[in-house]
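Read the structure below first, then the notes.
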Amino acid sequence: MLANKKIVLGVTGGIAAYKAIALTSKLSQAGATVQVILTEGAQKFVTPLSFQAISRQPVYLDTFDELDSGKIQHIDLADWADLFIIAPATANIIGKYANGIADDMLSTTLLATTAPVYIAPAMNVDMYQHPAVQDNLALLAKRGTHFIDPNEGYLACGYTGKGRLAEPEEIVAYLQRALSTKRPLAGKKLLVTAGPTQEQIDPVRYLTNYSSGKMGFSIAEAGAQMGAEVTLVAGPVNLPTPKGVNRIDVVSTDDMYQAVIKHYSDQDIVIKSAAVSDYRPAKQANEKIKKQSEQMAIELERTQDILKTLGEQKTTQFLVGFAAETTNVENYGKQKLIDKNLNAIVINDVSKAGIGFGSDDNEVLILVNDGTEIKIDQTSKLAIANQLLTEISRRLEDKEQ
């Protein structure tokens, strides 16, 4: 999708500017011609020579430093671009663009271009959430600017939260999808489950697990971008609903079961990534249980096995399960693939640091019931979601031919 595309990459003054070097490389490898504009702040973090060496193109620094006397460089560059990317985009450049301020090479070129503009914000979590920044983002969105949302995680300032620049491969994948003339899941219905469930003990306590829902939400987001009609059944999580996704919030395993069964029959793809509770208290107290002795026993009973039920009722659906394991990961996954009558299973070792529950990254092994094994090394959950759905779309296309 990026072959022969002419791309202007604006790099602004944030610590994430170093990622723009890798982004330039990946865009070039994808066949694009990349011309880079560095702001004065960006030059404090990265050098023009790095981008010039990778892109094999001149790097633009100053509005008044005309490289060709026969052209006005910021106008010529603005007209040349097929698309315009700002990565990382600071609060400063977002504010300038929203309010029509043109006081350096990047902002003047940005205001002069008619090419689609893609902004990848990166900043401190509190800066990102500031009303002024959010208002500027909303204004730009109304004008048709595209946004590649930042990730959540540890930031250079020492904070943890949303504000980390999307990884270069995520940005490239986003652009490829945006430029694609064919959306591989167009006309398909996709049902995704995500997050944990909560099983009530009494009005103030419940059983649950560490699932954040990020993997399922990434699958829902990628599915919508690929053209699917997405229904997301989400347990109790604190995540925004992906654009274009129909979200159904549930609490308990039984709630999730009822919601999934209601929509199951007319789905083309069902991906059950939720980490549901296998057990629930046999009795739920109507009032808070008071402290009595040093020990207390709670009798548990099995919850409904949603995935097994879906496997038993499967007709034409492509059914995918997840197996979050800590030991004998592959063996448990293979057995679950058979026992639950799945088309595929995604296995991950949640005992490994930096992946699994709560993290933005994952590392998985996808097993398909035709014997195919797909190993995906550690990368973002969104990147994994894209690879998973791409594999599924290929199999559905082959089946229809």
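The values are calculated or read from the model by the stated rules, or taken from the named source; none is laboratory data. Predicted model only: the values in this text are computed from it and were never measured. Here Cβ is always computed from backbone atoms with ideal geometry, including for glycine, and neighbour counts include all displayed protein chains.
Things worth noting here:
- Which numbered condition Q295 misses (of (1) polar (S, T, N, Q); (2) out of contact with any Phe, Trp or Tyr (no Cβ under 8 Å at 6 or more places or on another chain); (3) closer than 26 Å to A224 by Cβ): (3)
- Test result for Q267, farther than 17 Å from V320 by Cβ and not hydroxyl-bearing (S, T, Y): no
- When residues in region 157-180 are screened for being more than 25 Å from L110 (Cβ to Cβ) and either not polar (S, T, N, Q) or not assigned by TED's automatic domain parsing to the domain that holds A32 (or both), 4 of them pass.
- Checking each residue in region 160-204 for being over 30 Å from M296 (Cβ atoms) and among the small types (G, A, S) picks out G161, G163, A166, A173, A178, S180, A186, G187, A194.
- Of all residues in region 192-215, none are surrounded by fewer than 17 Cβ atoms within 10 Å (Cβ to Cβ), within 27 Å of I21 (Cβ to Cβ) and among the hydrophobic types (A, V, I, L, M, F, W, C).
- Hits in region 1-11 (condition: touching a strand residue (DSSP E or B) at 6+ places or on another chain (Cβ under 6 Å) and not basic (K, R)): I7, V8, L9, G10, V11
- Qualifying residue in region 321-339 (condition: at pLDDT below 90, closer than 19 Å to V192 by Cβ, of a type in the set (A, V, I, L, M, F, W, C) and surrounded by 16 or more Cβ atoms within 10 Å (Cβ to Cβ)): yes
- The listed residue being part of a helix (DSSP H, G or I) and within 15 Å of the chain's Cα centre (by Cα), out of E152, E169: E169
- Scan of region 172-209 for residues that are β-branched (V, I, T) and either part of a loop (DSSP other than H, G, I, E, B) or within 17 Å of the chain's Cα centre (by Cα) (or both), ordered by number: V172, T181, V192, T193, T197, V204, T208
- Considering region 281-325, the residues that are among the hydroxyl-bearing types (S, T, Y) and touching a residue at least 24 places away in the same chain (Cβ under 8 Å) include one that is nearest to S393 (Cα to Cα), namely T316.
- Cross-chain or 6+ apart pairs with Cβ under 8 Å, region 249-261 first and at pLDDT 95 or above, then of a type in the set (D, E, K, R): S252/E199; S252/R280; T253/E199; T253/R280; V260/K272
- Residue identified as without any contact (Cβ under 8 Å) to a residue 60 or more places away in the chain, out of contact with any Pro (no Cβ under 8 Å at 6 or more places or on another chain) and either surrounded by fewer than 15 Cβ atoms within 10 Å (Cβ to Cβ) or in a helix (DSSP H, G or I) (or both) among E66, E40: E66
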